Amino acid sequence: MITKLGKQKLEEHLTQLQDELNRTCEERGKAAEEGDLKENSAYIFLGERALVLYSQVDQVKADLKTCIIQSAPTQTDIIVFGSRVKIKFESDGREMEITLVGKNDSNLQPSWISCESPLGQALLNQSKGAKVSVNDQPVSILDIAIGEI
């Protein structure tokens with residue numbers, strides 16, 4: 001699952017990766033013109049860089065192919081993708097408010113946390129008042145609201 005913003009940013013990232021891959025391949029072609037390829041460090045480095053970029057492009061394409069845009073939840077009785085949750089870390093009394101989103105959304109807003117993170121996994125399908133453990137820290141769920149995704 002992904003937000004509309006997350007899908008848009010993923011598409012932009014794919015374009016950037018493809019542009020960088022094209023530049024890398026062009027630079028590698030120029031480096032190849034310099035002679036002996038076995039001892040041409042620029043040629044070797046750019047070849048390795050191209051392999052990494054191909055891998056990243058393939059991963060982003062796979063993510064885009066399988067992503068499902070999720071709208072904001074309509075209920076607040078349990079925590080789901082898109083829920084805004086107020087939590088309290090019992091060990092130090094620290095409170096924070098987060099919104100659970102997909103792995104490709106988590107860095108798009110300061111309070112967005114991936115459902116796949118340890119905290120996200122612990123909170124999913126829980127209700128207000130529940131206590132969960134995250135990395136051996138007790139966490140209380142103070143409130144559940146509809147997140148702005």
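If only one of Ile149, Ile144 is under 22 Å from Cys67 (Cα atoms) and of a type in the set (Val, Ile, Thr), which one is it? Of the residues listed, the single one that is under 22 Å from Cys67 (Cα atoms) and of a type in the set (Val, Ile, Thr) is Ile149. Could you run through the stretch 118-149 and say how many residues are charged (D, E, K, R) and touching a residue at least 60 places away in the same chain (Cβ under 8 Å)? Of the residues in the stretch 118-149, 1 are charged (D, E, K, R) and touching a residue at least 60 places away in the same chain (Cβ under 8 Å). Taking every residue in the stretch 99-117 that is more than 10 Å from Arg84 (Cα to Cα) and pairing it with any residue that is assigned to a loop (DSSP other than H, G, I, E, B) and among the acidic types (Asp, Glu), at least 6 positions away or on another chain, the pairs with Cβ-Cβ distances below 6 Å are Lys103/Glu116. Go through the stretch 1-34 and give me each residue that's among the hydrophobic types (A, V, I, L, M, F, W, C), assigned to a helix (DSSP H, G or I), within 33 Å of the chain's Cα centre (by Cα) and surrounded by 17 or more Cβ atoms within 10 Å (Cβ to Cβ). Scanning the stretch 1-34 gives Leu10, Leu14, Leu17, Leu21.
Scanning the stretch 118-148 for residues that are surrounded by 13 or more Cβ atoms within 10 Å (Cβ to Cβ), over 23 Å from the mean Cα position of the chain (by Cα) and modelled with pLDDT under 95 yields a single hit, Gln137. Selection of strands (runs of 3 or more DSSP E) fully inside the stretch 35-147 by the criterion of at least 2 residues being farther than 30 Å from Leu14 by Cβ returns 83-89, 95-101, 131-134, 137-146. Being among the aliphatic types (A, V, I, L, M), loosely packed, with under 11 Cβ neighbours inside 10 Å and touching a residue at least 40 places away in the same chain (Cβ under 8 Å) is the filter here; which residues of the stretch 38-81 pass it? Once the filter is applied, which keeps residues that are among the aliphatic types (A, V, I, L, M), loosely packed, with under 11 Cβ neighbours inside 10 Å and touching a residue at least 40 places away in the same chain (Cβ under 8 Å), the stretch 38-81 yields only Ile68.
The values are calculated or read from the model by the stated rules, or taken from the named source; none is laboratory data. The shown structure was predicted, so the numbers you read here are calculated from the model rather than taken from an experiment. Don't worry about glycine lacking a Cβ; one is built from the backbone with ideal geometry, like all the others, and counts go over all protein chains shown.
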